[in-house]
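**Q** What follows is a single structure, and I will ask about it in a moment.
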Protein chains: 2
Amino acid sequence: MSPLADNQWFTEVFDRHGSAFSLKVSEKLLDVQSAYQHLEVYATETFGNLMVLDGCVMLTDRDNFLYHEMIAHPALFTHQQPERVVIIGGGDCGTLKEVLRHPSVQHVTQIDIDEEVTKAAERFFPALVDANDDPRAELLFADGVKWVDEAEDESIDVLIIDSTDPVGPAEGLFKTEFLTRCHRILKPGGVMVQQSESPLYHSGSIIRELRRDMREAGFSSVATLPFPQPVYPSGWWSVTLAGKQCSVESFREEAVAEHTMPLQYYTLAAHRGALTLPPFMRQALDETPVS
Amino acid sequence: MSPLADNQWFTEVFDRHGSAFSLKVSEKLLDVQSAYQHLEVYATETFGNLMVLDGCVMLTDRDNFLYHEMIAHPALFTHQQPERVVIIGGGDCGTLKEVLRHPSVQHVTQIDIDEEVTKAAERFFPALVDANDDPRAELLFADGVKWVDEAEDESIDVLIIDSTDPVGPAEGLFKTEFLTRCHRILKPGGVMVQQSESPLYHSGSIIRELRRDMREAGFSSVATLPFPQPVYPSGWWSVTLAGKQCSVESFREEAVAEHTMPLQYYTLAAHRGALTLPPFMRQALDETPVS
């Protein structure tokens, strides 16, 4: 039935969803058990290098632009004047690179618990780390939940939760208690964004719960934006934005129309389009439509 | 490396693209070698029933709404008054069902070469065929290329090419010669739409060639609309529209806003959003941007 039972393929099985995705690999480049997770890097035949954490595909050279652009730009173009940005997770530095494209940004702190991820990105994904020496960037390797706990009230403009799935090290990043603390450290008008799994697989579960938890944590506005992501479960992914005393259902459209960043996916039309959820998602979310 | 080497999984390998997609199956429901192709139907654990033609996933209960809505509604809402519609291929009848939702439509002819596909849909995908007894619907089992050859000049409003991949039985549907004949049978103001493979895998090849061939066939306007489709290669798919003496870059937005069809994916925002291609696609297409 399956021709994938040899070491020419890396396969991720999404057991609960009865599906699996495979990439043909030519070489294993790295295999490290860090203090937090099992980190592998492969050379694939058609997707460039592939990073895997605890058996889950994190990114490939070929299609990471989709995720990194969509976790960064909708949030930064929604905030009126993003200056102080924090990234929890994001150790591969791809999100950091997108954030640093915004000229209004004065300081970005990235807090990933696992330095091995950044070391692997430096070796095997050089395109993702090439903005790391920007003087506005600060890389910390520490517990992001603890960092948020200790951060000052109302000190952040945009908070990006660029985490793995809500199991293992990232589990605490999907809880109301953590979201309440995120709300506390955002300035009024602040925007938080979190990767929020698959529209097809998770609209009635993780996405629905995250949106409810964000509202319970005090956010006044919530918006989930779907986008294609071929190497993630179902090939379709989402981010969910939340605004503190501001709406995340509109954004600085003029700024998007005028920017000269060399983006590959994010456009004015993509952002506008993503803000209206497909009817099947609205139904699964079982809440008053956001838009 | 792979846990998929047993008969609990159906796996489709996309050899040229170095990737594969698998669904967990509980039972094989049908295995028929027709005069044209090898047809299988499986019960899956999480996607409902699955239809496979010559080893390629055609559709599942769970996510076929994406493809069927996107091959039908953008074309029908682009045409000013679609009355006479023809579907080449589409033997599962899912596209026919979407077309019949449009009250302006007076007659739809579906021409699929392989009656076994429709028989399988009747048995295993009853939701797709439940509009087949609409008096406006005509089902023919014949060679679509020949049918187009014999059709009258300027007799069709909307022509839908709902084919398999451009290899095997459907190869002839992706050639300039066929597109020229399609152009001939469309009325002025007519719209043709063709499934056009993956934005990630095929922008620089099949999609680019199809758009060029459509222009060479005499169409005055061409637009490719990407959309998510989890069970197809890369989880991301597209349709390409072409207009005969009309633009396919705009559509009847008021009619979309007002319709009461029970759709699950297609919305005004989805259509608008899809009309602007991501920058990486525009670059791969290597042509003057469509929009």
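The values are calculated or read from the model by the stated rules, or taken from the named source; none is laboratory data. From a predicted model like this one, the values you see are computed outputs, not experimental measurements. Ideal geometry is used to build each Cβ from the backbone, glycine not excepted, and the neighbour counts take in all protein chains shown. Please note that ligands, DNA and RNA were not included when accessible areas were found on the heavy atoms of the full protein model with its side chains. Shrake-Rupley method; radii C 1.70, N 1.55, O 1.52, S 1.80 Å.
**Q** Between residues in segment B:142-159 that are touching a residue at least 12 places away in the same chain (Cβ under 8 Å) and more than 21 Å from B:ALA72 (Cβ to Cβ) and residues that are surrounded by fewer than 12 Cβ atoms within 10 Å (Cβ to Cβ) and among the β-branched types (Val, Ile, Thr), which pairs lie under 6 Å by C-beta distance while being six or more apart or on different chains?
**A** Filtered contacts from segment B:142-159: no entries.
**Q** Might you let me know whether segment A:14-30 holds any residue that is among the aromatic types (Phe, Trp, Tyr), touching a helix residue (DSSP H, G or I) at 6+ places or on another chain (Cβ under 8 Å), modelled with pLDDT under 95 and assigned to a strand (DSSP E or B)?
**A** Pass one, segment A:14-30, residues among the aromatic types (Phe, Trp, Tyr): A:14, A:21.
Okay, now just the ones that are also touching a helix residue (DSSP H, G or I) at 6+ places or on another chain (Cβ under 8 Å), so A:14, A:21.
Adding the requirement that they be modelled with pLDDT under 95 leaves A:14.
Then keep just the ones that are assigned to a strand (DSSP E or B); that gives A:14.
So far as segment A:14-30 goes, yes, one or more of its residues are among the aromatic types (Phe, Trp, Tyr), touching a helix residue (DSSP H, G or I) at 6+ places or on another chain (Cβ under 8 Å), modelled with pLDDT under 95 and assigned to a strand (DSSP E or B).
Yes/no matrix, rows are residues, columns are (1) outside any loop (DSSP other than H, G, I, E, B); (2) over 24 Å from B:VAL52 (Cβ atoms); (3) open to solvent by less than 10 Å² (accessible area, probe 1.4 Å):
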{"position": "B:MET192", "(1), (2), (3)": "yes, yes, yes"}
{"position": "B:GLU197", "(1), (2), (3)": "no, no, yes"}
{"position": "B:HIS202", "(1), (2), (3)": "yes, no, no"}
{"position": "B:ILE206", "(1), (2), (3)": "yes, no, no"}
{"position": "B:THR224", "(1), (2), (3)": "yes, yes, yes"}
{"position": "B:SER234", "(1), (2), (3)": "yes, no, yes"}
{"position": "B:THR240", "(1), (2), (3)": "yes, yes, yes"}
{"position": "B:CYS246", "(1), (2), (3)": "no, yes, no"}
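**Q** In addition: Within segment B:80-166, which strands (runs of 3 or more DSSP E) (wholly inside it) include 1 or more residues that are in contact with a strand residue (DSSP E or B) (Cβ under 8 Å, 6 or more places away or on another chain) and among the aromatic types (Phe, Trp, Tyr)?
**A** Numbers: elements: B:84-89, B:107-112, B:137-141, B:156-162.
Result: B:137-141.
**Q** Please determine, by comparing only the residues of segment A:163-202 that are of a type in the set (Ser, Thr, Tyr) and under 22 Å from A:GLN33 (Cβ atoms), which one is modelled with the highest pLDDT.
**A** Residues of segment A:163-202 that are of a type in the set (Ser, Thr, Tyr), as a first pass: A:163-164, A:176, A:180, A:196, A:198, A:201.
Applying the additional criterion that residues be under 22 Å from A:GLN33 (Cβ atoms) yields A:163-164.
Values: A:SER163: 86, A:THR164: 75.
So, considering only residues that are of a type in the set (Ser, Thr, Tyr) and under 22 Å from A:GLN33 (Cβ atoms), the one modelled with the highest pLDDT is A:SER163.
**Q** Another question, then. What single numbered condition from (1) more than 25 Å from B:ASP61 (Cα to Cα); (2) open to solvent by 10 Å² or more (accessible area, probe 1.4 Å) fails to hold for B:PRO262?
**A** For B:PRO262, the failing item is (1).
**Q** Could I ask something else about it? So which of A:ALA75, A:ALA20, A:ALA35 is of a type outside the set (Asp, Glu) and out of contact with any strand residue (DSSP E or B) (no Cβ under 9 Å at 6 or more places or on another chain)?
**A** Working: A:ALA75 fails: out of contact with any strand residue (DSSP E or B) (no Cβ under 9 Å at 6 or more places or on another chain); A:ALA20 fails: out of contact with any strand residue (DSSP E or B) (no Cβ under 9 Å at 6 or more places or on another chain).
Just a single option satisfies the conditions, and that option is A:ALA35.
**Q** Something else: Is segment A:145-166 home to any residue that is open to solvent by 20 Å² or more (accessible area, probe 1.4 Å) and in contact with a Phe, Trp or Tyr (Cβ under 7 Å, 6 or more places away or on another chain)?
**A** If we filter segment A:145-166 for residues that are open to solvent by 20 Å² or more (accessible area, probe 1.4 Å), which is where we start, we get A:145-147, A:149-150, A:152-155, A:164-166.
Those left that are additionally in contact with a Phe, Trp or Tyr (Cβ under 7 Å, 6 or more places away or on another chain): A:145, A:166.
So far as segment A:145-166 goes, yes, one or more of its residues are open to solvent by 20 Å² or more (accessible area, probe 1.4 Å) and in contact with a Phe, Trp or Tyr (Cβ under 7 Å, 6 or more places away or on another chain).
**Q** Please determine whether any residue of segment A:238-258 is among the hydrophobic types (A, V, I, L, M, F, W, C) and facing chain B (nearest Cβ under 8 Å).
**A** Checked against the condition, which is being among the hydrophobic types (A, V, I, L, M, F, W, C) and facing chain B (nearest Cβ under 8 Å), segment A:238-258 yields no hits at all.
**Q** Considering only segment A:71-94, I want to know if a residue exists there that is open to solvent by 60 Å² or more (accessible area, probe 1.4 Å), under 29 Å from B:PRO279 (Cα atoms) and free of Cβ contacts under 8 Å to residues at least 12 places away in the same chain.
**A** Scanning segment A:71-94 turns up no residue that is open to solvent by 60 Å² or more (accessible area, probe 1.4 Å), under 29 Å from B:PRO279 (Cα atoms) and free of Cβ contacts under 8 Å to residues at least 12 places away in the same chain.
**Q** Okay, next question. Read through the list (1) surrounded by fewer than 18 Cβ atoms within 10 Å (Cβ to Cβ); (2) at the interface with chain A (Cβ under 10 Å from one of its Cβ atoms); (3) not in a helix (DSSP H, G or I), then give the number of the only condition that B:ARG272 fails.
**A** Unmet for B:ARG272, out of (1) surrounded by fewer than 18 Cβ atoms within 10 Å (Cβ to Cβ); (2) at the interface with chain A (Cβ under 10 Å from one of its Cβ atoms); (3) not in a helix (DSSP H, G or I): (3).
**Q** Also, I was wondering about something else. Scanning for something crowded, with 21+ Cβ neighbours inside 10 Å, within 27 Å of B:GLU27 (Cβ to Cβ) and at pLDDT 95 or above, does segment B:98-105 turn up at least one residue?
**A** no
**Q** Taking the criterion of being within 25 Å of B:LEU225 (Cβ to Cβ) and within 13 Å of another protein chain (Cβ to nearest Cβ), would at least one residue in segment A:204-212 satisfy it? Write out each step before concluding.
**A** First pass over segment A:204-212, keeping only residues within 25 Å of B:LEU225 (Cβ to Cβ): A:207.
In the following step, the residues that additionally are within 13 Å of another protein chain (Cβ to nearest Cβ) were identified as none.
Among the residues of segment A:204-212, not one is within 25 Å of B:LEU225 (Cβ to Cβ) and within 13 Å of another protein chain (Cβ to nearest Cβ), which makes the answer no.
**Q** Within segment A:17-60, take every residue that is touching a residue at least 40 places away in the same chain (Cβ under 8 Å) and within 8 Å of another protein chain (Cβ to nearest Cβ) and give me the one that is most open to solvent (accessible area, probe 1.4 Å). Can you show your working first?
**A** We begin by selecting, within segment A:17-60, every residue touching a residue at least 40 places away in the same chain (Cβ under 8 Å); these are A:17, A:19, A:21, A:23, A:29-30, A:32, A:34-37, A:39, A:41, A:47, A:49-60.
Narrowing further to those that are within 8 Å of another protein chain (Cβ to nearest Cβ): A:17, A:19, A:21, A:23, A:47.
Working: A:HIS17: 32, A:SER19: 0, A:PHE21: 15, A:LEU23: 2, A:PHE47: 2 Å².
Per the stated criteria, the residue is A:HIS17.
**Q** Also, I was wondering about something else. Taking B:ARG215 as the residue in question, decide whether it is in a helix (DSSP H, G or I), surrounded by fewer than 20 Cβ atoms within 10 Å (Cβ to Cβ) and either away from chain A (no Cβ under 12 Å) or within 17 Å of the chain's Cα centre (by Cα) (or both).
**A** On the way: in a helix (DSSP H, G or I): yes; surrounded by fewer than 20 Cβ atoms within 10 Å (Cβ to Cβ): yes; either away from chain A (no Cβ under 12 Å) or within 17 Å of the chain's Cα centre (by Cα) (or both): yes.
Criteria met by B:ARG215.
Every residue, every condition in (1) under 29 Å from B:GLU258 (Cα atoms); (2) not acidic (Asp, Glu), yes or no:
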residue: B:ALA43; (1), (2): no, yes
residue: B:GLU69; (1), (2): yes, no
residue: B:THR78; (1), (2): yes, yes
residue: B:GLY89; (1), (2): no, yes
residue: B:LEU96; (1), (2): yes, yes
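Each row is one residue, and each column tells you yes or no for (1) closer than 19 Å to B:ILE160 by Cα; (2) within 9 Å of chain A (Cβ to nearest Cβ); (3) more than 19 Å from the chain's Cα centre (by Cα).
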| site | (1), (2), (3) |
| --- | --- |
| B:LEU225 | yes, no, no |
| B:VAL231 | no, yes, no |
| B:THR276 | no, yes, yes |
| B:LEU285 | no, no, yes |
